[in-house]
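See below for the structure under consideration.
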Amino acid sequence: MIEQIYVMMYRQVKRFMRARSRIIGIFLNNILWLVLFGLGMASALNPVSRFILKGLDYLAFLLPAMYAISIFQASFMGGISVIWDKQFGFLKEVLIAPVSRSLTILGRALGDALTSTFNAIVMLAIGFILTDKLDLASLPYIVITGLIMGLGFTSLGIAIASAIKSPEGFQLIVGAITMPMTILSGAMFPLNMAPEWMRIIALVSPLTYAVDLCRYHLTGVSILRDVHPCLTPTIETTVLVIASTAFVIVAAEIFNKATLE
């Protein structure tokens, strides 16, 4: 069982490491976000940001969220590899192999979760250079949170990809899901300044809890708790674990029923 999970996990990691253009593209994308958006918005908002961000400057407010968003987007898009495997015939070999499909998909999700978390850590390392407001001692908690959300969102991406035939259709659906989830997560602006209806809808998205957990561990500030005082870090972590577990189960069920035409 462990060997089966390891093989698929190793394949996804190896596949990522061999795609040098993908690694360079992700790295440059993170740099551009940090320099153009992060530093630009920090310069514009710092005169007033400390009053509305509980003492944080905007860059310290944004960096933990960018870590979570980076994992979220990379993990979700990892599902597109299922469609590529359909087109190149690898998925057929997986489906007819005398092994558990559930363990196969778990290994695949773990591999993509590892690569997306690694990518986000590299981006966060650059963030530590740009600001001294982040707590380096919290890095183990950040890595664990990243792996949990990476596993969940990769599984959700796999579930969607298992039911779709074309990469174009997958990208359209993913875009329709990731855009509102990113906005509602409180990554770019504090939820305590959002309309009441937006605060309520934000609670439906697991990404909201992931962003707030990363921000809390790295800065000691929880904006979400100002909006909903009952949401402690323990409760947020529990919600994130439950959501990720549910996504893994859904992905396994859909993949178990997958067929090739």
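A short reminder: the numbers here are calculations on the coordinates, not readings from a lab. Remember, it's a predicted structure, so these values are computed and weren't measured experimentally. Virtual Cβ from ideal backbone geometry, glycine too; neighbours counted across all protein chains shown.
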(request) Multiply the residue separation of M188 and A176 by 0.36 nm, subtract the distance between their alpha-carbon atoms, and state the gained length in nm to one decimal. (result) 2.5 nm
(request) Go ahead and run the numbers for FRET between A163 and V122, Cβ-Cβ distance against an R0 of 30 Å, rounding to 0.05. (result) 0.40
(request) In nm, give the distance between the simple-model label positions of Q4 and D226, each being 7 Å from the Cα along the Cα-to-Cβ direction. (result) 4.9
(request) Return the long-range amide H neighbours of S205 (sequence gap of 5 or more, or a different chain), with a cut-off of under 5 Å between placed amide H atoms. (result) none
(message) Under a crude label model (7 Å from the Cα following the beta-carbon direction), how far is V143 from I201 in nanometres?
(response) 3.7
